[in-house]
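Asker: Shown below is the structure under consideration.
No value in this document is a laboratory result; all are computed from the given coordinates. Please read all numbers here as calculations on a predicted model, not as lab measurements. Because the Cβ atoms are built from the backbone with ideal geometry, glycine has one as well, and the counts that use them run over all protein chains shown.
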């Protein structure tokens, strides 16, 4: 049984050999050939210390004001050090194209070992990376529900950490798609999970073919607030 271990919050950071100083942030970026791309990054060791203050090593770490990607590097390095399974979500407004030119490039270099400077990052750490570009959906649109449905795939991938690739992971939105899946089910040799809309009514035969497959109902909370604000739900 897991015990709820309480840890006193970190109230101050001690400076040992200056490793938590922002002076080291530039050095961290310079390793990836990005030293002149961002002026206010945080040192990796500082972020690692803050994340490690939380006792569970399977945390989901959210950085809603991401800059150079220090949080991602800290999570990846901590996982490698203690065999943790932490995940991260970084959000940025891409000001001055920072997401494409700095954040993404830095994390990609960590995962692949290949840098934009054509050098190699020797600490190559295994992991997965996917980034999304936000979209604007007009709440006054007559097709609001359908337009939001177009983004269900991204919501599933973010929550479950999978890629809806129509081979291992499949999304089924309506009865017609479920009928098609049943008809071609033998072709899905590597099927791991099916994500079903709440509107899909499974027949007895369809329930049978899915009984040995991880099946998840697509939750209605993804766009619940938006649809209620627009008067689409009550």
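Asker: Would you mind telling me which residue in 132, 20, 104 has the biggest mean-square fluctuation in a Gaussian network model of the chain, where springs connect alpha carbons within a distance under 10 angstrom?
Answerer: The residue with the greatest mean-square fluctuation here is 132.
Asker: May I pose another question? How far apart, in nanometres, would the label points at residue 153 and residue 53 be if each is projected 7 angstrom from Cα along the Cα-to-Cβ direction?
Answerer: So the label points at residue 153 and residue 53 sit 4.0 nm apart.
Asker: Debye sum, Cα scatterers, the chain, no solvent: what log₁₀ I/I(0) at q = 0.09, 0.12, 0.16 1/Å?
Answerer: Ignoring solvent entirely, the Cα scatterers give -0.54, -0.88, -1.18.
Asker: Note the angle between two axes, namely the Cα long axis of helix 70-82 and the longest principal axis of the Cα atoms of the chain, as a number of degrees from 0 to 90, rounded to the nearest 10.
Answerer: For helix 70-82, the angle is close to 90 degrees.
Asker: 7 Å from Cα along Cα→Cβ at both residue 82 and residue 188: what's the point-to-point distance in nm?
Answerer: Taking the two extended label points, one gets 3.8 nm.
Asker: Pull out the extension gain between residue 211 and residue 93, defined as 0.36 nm times the separation in residues minus the alpha carbon to alpha carbon distance; nm, one decimal. Write out the running numbers ahead of the final one.
Answerer: On the way: separation 118, 0.36 × 118 = 42.48 nm, distance 4.27 nm.
Length gained between residue 211 and residue 93: 38.2 nm.
Asker: Sticking with this one: For the pair residue 162/residue 177, report the inter-label distance in nm, with labels modelled 7 Å from Cα in the Cβ direction.
Answerer: 1.3 nm
Asker: While we're here: Using the per-residue mean of other Cβ atoms lying within 10 Å as a proxy for protection, in what order, highest first, do the peptides 50-63, 180-193 fall?
Answerer: Numbers: 50-63: 14.3, 180-193: 12.4.
Ranked from most to least packed, the peptides come out as 50-63, 180-193.
Asker: The range 101-172 to the range 176-195: how many Å between their Cα centroids?
Answerer: 24 Å
Asker: Grab the beta carbon distance between residue 199 and residue 139, set R0 = 22 Å, and tell me the FRET efficiency rounded to 0.05.
Answerer: Details: r = 22 Å, r/R0 = 0.99.
After rounding to 0.05, the efficiency reads 0.50.
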